[in-house]
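Trainee: Below you will find the structure I want to go over with you.
The values are calculated or read from the model by the stated rules, or taken from the named source; none is laboratory data. Note that this is a predicted model, so its numbers are computed, not measured. No Cβ is skipped: glycine too gets one built from the backbone with ideal geometry, and neighbour counts run over all protein chains shown.
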Amino acid sequence: MLVYGVMKERLAKIYEQIAKACPKSGRDPKDVILIGVTKYTDLAKVQQALDAGLTNIAENRVQDAQERFPALKMAPGQVTKHLIGHLQSNKAKFAVPLFDMIQSVDSFKLAEEIQKQAEKNNKNIDILIQVNCSNEEQKSGVDKAQALELIDQVSGLKNVTFKGLMTMAALTTDEKAVREAFSSLRNLSGEAKNLLAKKSHGEMKYLSMGMSQDFGIAIEEGSNMVRVGRAIFGE
């Protein structure tokens with residue numbers, strides 16, 4: 001188990017890295033949301049991070065969240081809970097009550113099922129559309145060419161609110177390829193803003209890009225939501 005002070009130091013170091021990256025994109029560091037990715041992490045470390053001031057956590061799998069979230073001490077409204085892994089439509093009925101934001105919506109079929117479950121739970125839920133900007137077959141996400149059509153479709157759902165876009169860069173040491181994936185999503189966000197200017201529901205608020213190995217690059221390219229696991233919790 002980490003010493004509480006070590007956890008505070010790790011979080012402080014990440015916030016310093018965020019602040020260092022922000023000037024290149026004109027971001028205010030206060031506007032960048034740090035999400036702690038808690039998969040593979042023991043609950044004691046997650047609780048330490050929450051106690052040290054982390055206010056956003058994410059799980060990759062619904063079943064893990066079902067087991068782990070109830071064991072954490074979180075006051076209502078204190079922590080925002082994100083789903084960042086691929087979601088099957090038949091799991092939406094479990095995901096909607098658990099999470100505040102689903103970042104991995106990649107089809108209208110899934111969005112419609114989330115809408116159905118949100119209505120059943122008398123809940124409004126925020127979503128991000130996941131875009132496959134690295135063009136890797138093994139990655140989830142809508143193709144960039146179909147993303148605007150999907151945004152247009154989900155903007156008509158009553159209990160689902162489109163809040164932005166998410167992507168993952170390729171796991172590579174080629175910084176140029178990583179930057180290209182992130183800049184591609186940033187460019188798409190501009191088109192999304194233009195589209196949503198004609199809509200009464202939804203907003204292009206968040207660019208969720210960047211993980212432990214590349215969140216500095218992601219922020220330089222415009223990210224305002226980073227998903228960090230290893231740098232907070234260790235291997």
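Trainee: Please give the number of the condition residue 173 fails out of (1) modelled with pLDDT under 95; (2) among the β-branched types (Val, Ile, Thr); (3) in contact with a strand residue (DSSP E or B) (Cβ under 9 Å, 6 or more places away or on another chain).
Mentor: With respect to (1) modelled with pLDDT under 95; (2) among the β-branched types (Val, Ile, Thr); (3) in contact with a strand residue (DSSP E or B) (Cβ under 9 Å, 6 or more places away or on another chain), residue 173 is out only on (3).
Trainee: While we're looking at this one, here's another question. Give me the residue from the range 1-41 that is more than 19 Å from the chain's Cα centre (by Cα) and of a type in the set (Lys, Arg) and, out of that set, modelled with the lowest pLDDT.
Mentor: Among those residues, the one meeting the criterion is 24.
Trainee: Is it the case that residue 106 is touching a residue at least 24 places away in the same chain (Cβ under 8 Å), among the charged types (D, E, K, R), closer than 28 Å to residue 213 by Cα and surrounded by 20 or more Cβ atoms within 10 Å (Cβ to Cβ)? Give the derivation first.
Mentor: Working: touching a residue at least 24 places away in the same chain (Cβ under 8 Å): yes; among the charged types (D, E, K, R): yes; closer than 28 Å to residue 213 by Cα: yes; surrounded by 20 or more Cβ atoms within 10 Å (Cβ to Cβ): yes.
The answer is yes for residue 106.
Trainee: So which residues in the range 173-224 are touching a Cys at 6+ places or on another chain (Cβ under 6 Å) and not hydrophobic (A, V, I, L, M, F, W, C)?
Mentor: Within the range 173-224, just 184 meets the criteria.
Trainee: Let me ask something else. Report whether or not residue 117 is of a type outside the set (Val, Ile, Thr) and either within 19 Å of residue 210 (Cβ to Cβ) or crowded, with 18+ Cβ neighbours inside 10 Å (or both). Show your work before the answer.
Mentor: Values: of a type outside the set (Val, Ile, Thr): yes; either within 19 Å of residue 210 (Cβ to Cβ) or crowded, with 18+ Cβ neighbours inside 10 Å (or both): yes.
Yes.
Trainee: The conditions are (1) surrounded by 19 or more Cβ atoms within 10 Å (Cβ to Cβ); (2) over 21 Å from residue 215 (Cα atoms); (3) of a type in the set (A, V, I, L, M); (4) out of contact with any Phe, Trp or Tyr (no Cβ under 9 Å at 6 or more places or on another chain), and residue 75 fails exactly one of them. Which is it?
Mentor: (1)
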